[in-house]
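Working notes, beginning with the structure itself.
What follows is calculated from the coordinates using simple rules that are stated; it is not laboratory data. These figures come from a predicted structure and were not determined experimentally. Cβ placement follows ideal geometry from the backbone for every residue including glycine, while neighbour counts extend to all protein chains displayed.
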Number of protein chains: 2
Amino acid sequence: MLPFARVAIVGLGLIGSSVARAVRQSMPTVRLSGYDADPAVRDTAIRLGLVDDVADQAGAAVTDADLVVLCVPVGAIGAVAGDLAADMPADVIVTDVGSCKTEVARALAEAIPTVTVVPAHPVAGTERSGPEAGFATLFAGRWCILTPAADAEPLAVARVGEFWRRLGADVEVMTPEHHDRVLAVTSHLPHLIAYSIVGTASDLEAVTESEVIKYSAGGFRDFTRIAASDPTMWRDVFLSNREAVLEMLGRFSEDLAQLQRAIRWGDGDALFDLFTRTRAIRRSIVEQGQDDAREDFGRSHDPAG
Amino acid sequence: MLPFARVAIVGLGLIGSSVARAVRQSMPTVRLSGYDADPAVRDTAIRLGLVDDVADQAGAAVTDADLVVLCVPVGAIGAVAGDLAADMPADVIVTDVGSCKTEVARALAEAIPTVTVVPAHPVAGTERSGPEAGFATLFAGRWCILTPAADAEPLAVARVGEFWRRLGADVEVMTPEHHDRVLAVTSHLPHLIAYSIVGTASDLEAVTESEVIKYSAGGFRDFTRIAASDPTMWRDVFLSNREAVLEMLGRFSEDLAQLQRAIRWGDGDALFDLFTRTRAIRRSIVEQGQDDAREDFGRSHDPAG
């Protein structure tokens, strides 16, 4: 049995449009409605046929839904949910795809206190943005983390979990607080560091920006991919998950200072030991199917491509 | 006309074996000899037919060569060149593939003071190591930087440049000092940071290593690829290019502290501005063909793959 029959997607960017495509593919009988605050995105959604109905106003997208999926930046979730409150059916379940769960839980509890909410975070994405960037297999084999409140209805949690499993994801449940610390280290800190080093590299006197671009294949280019992610989304992530990000950043800075010291004092053994340990972690990630097993992420080395 | 007729490759790992394969493909009439200090690597080289002759002793590989390509970790280059000195023909040209050029120039000048040396650095690689990891197109469309001494023979520089062009690379010439600062930012600092964050993530109390691996698709996995690179090679890089790496690391730490402050004080505009600027750099790298234009590096999103 389908977990939901009428799904409304609010926000039709990379994630929202991927949810729409994945629903179409895995649950073709589901009635899909959608809305985006940007008229150009709505036009694109119509042109691509992402959903059955693209509404002109947010409320019109949700009046008939049994699931509302909020796919907007985390800083906007509370306001968007509040705007929809009057138009949602009484038995609707609201979920989201935000990268910070403590702040989202707080914002939704404030904006729609009487609505059943099951926050979710599919740990998936690319550096692209917008409705044309999405694709149906984005969530395949990735984890989707649900962070229901302690007193959440078990049936609602089970239905949202089943929805994500249908989209190809594996589902895990944890508290919003633990989620935010896990993601601070596996996602938020890596993005912060990537943004930072790309900023540093573009801002040197001794090396020009064009040299940085030209010789980026030595490693730098990997960081620029992450640092090309959506600026609004990521601004909101850092502001919303501030405490956990600052905690992980503190640990990282300590460890980096230790490495700096090892380089300054020529401690080759300390460097070698760390570099050997980190290699094992890569191996585990590939073994568990969380990254492409092909070398260099499967990048093309075809001179023509 | 071929730049060289008899090429000896000393060190048959990822880079050395890729040079061998690329020579075979682009200059099939070249006589290739090879040597590796590790007997198991030599056996693999024989099995794969990487070169025409795999020598049992380093000297035997170079007696007849007009080009010797040293493909060993930078910390070993001086000693390896010294061991070969007595067996090299008088008119040989020696080049290398090391990631640090000031230290390499010094080591080679000391070890083989009377030999014509044209140091080189192909800015290419993957996270894999060893003779089986190499492939013929590794250098295609990548830059190879030559760092000849100010008084180097122009003809020798031209011949080594032509050699690399034949392997598919674009060739640039700069001083070893400038090379080391450029690579400190485009390659060495990214590797150091990647190693560091992977170390940090595996060493937390609040988040387990298995959680880090499980949820790595949020960005962390990109860093683990770089942090899976060869430990010996990278230890040597950081010890050999210490000054430039510490300089760039200082700049990075300053910039990261500023970001930390922006997060702590909720300065969303500062974050948004940086995140917009970094996106433009990614665009330039893709436009200039220095990275895969496909999203997510062209990673497979096929659930089966």
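Here the alpha carbons of the range B:6-175 define both size measures, Rg and Dmax, at 14.2, 42 Å. Other residues with beta-carbon under 12 Å from the beta-carbon of B:LYS101 carry, at +1 per Lys or Arg and -1 per Asp or Glu, a net charge of -2. Bins of 10 Å, beginning at zero and ending with the bin holding the largest distance: percent of Cα pairs per bin for the protein assembly as shown, please. Taking all Cα pairs of the protein assembly as shown, the binned fractions are 3, 17, 25, 22, 15, 10, 5, 2, 0 percent.
In a reduced charge model with +1 at each Lys and Arg Cβ and -1 at each Asp and Glu Cβ, the protein assembly as shown shows a dipole moment near 800 debye about its Cα centre. Residue of chain A with the smallest Cβ distance to the axis mapping A onto B, distance rounded to whole Å: A:PHE297, 2. For the segment A:171-177, counting C-beta atoms of other chains within 10 Å of every residue's C-beta and taking the mean gives 1. With the charge dipole of the protein assembly as shown set up from +1 on Lys and Arg Cβ and -1 on Asp and Glu Cβ about the Cα centre, the Cα lying farthest toward the positive end among the listed residues B:ALA105, A:ALA257, B:VAL157 is that of B:VAL157. The Rg/Rh ratio for chain B is 1.01, where Rg is the radius of gyration of the alpha carbons and Rh is the Kirkwood radius. Nearest 10 degrees is fine. How inclined is helix A:154-166 to the longest principal axis of chain A, computing both from alpha carbons? With both axes taken from Cα atoms, the answer is about 60 degrees. Distances from B:ILE46 to the same position in the other copies: list them in nm, one decimal, shortest first, using label points 7 Å from Cα along Cα→Cβ. Its label point is 7.3 nm from the equivalent points in the other copies.
On the basis of the beta-carbon distance and an R0 of 51 Å, A:MET1 and B:LEU246 show a calculated FRET efficiency of 0.25.
Between copies, the label points at B:ASP269 (set 7 angstrom from Cα along Cα-to-Cβ) are spaced 5.3 nm, reported in nanometres from shortest to longest.
Compute the signed sum of charges (Lys and Arg +1, Asp and Glu -1) over the other residues within less than 12 Å, Cβ to Cβ, of A:GLY59. For residues surrounding A:GLY59, the net value is -4. Projecting 7 Å from Cα along the Cα-to-Cβ direction, the label point of A:GLU243 sits 4.7 nm from its equivalents in the other copies, listed shortest first.
Of interest is the spacing of the C-alpha centroids, which for the range B:248-285 and the range A:65-87 amounts to 29 Å.
Hydrodynamic estimate: the Kirkwood radius of the range B:178-291 over Cα pairs, inserted into Stokes-Einstein at 37 °C and 0.692 mPa s, corresponds to D of 202 µm²/s. Along each principal axis, taking the top coordinate minus the bottom one, the Cα set of the range B:247-305 gives 44, 28, 20 Å in descending order.
Across all Cα atoms of the range B:169-214, the radius of gyration (one decimal) and Dmax (whole number) stand at 16.9, 49 Å. DSSP beta bridges fully contained in chain A are about 10 percent antiparallel.
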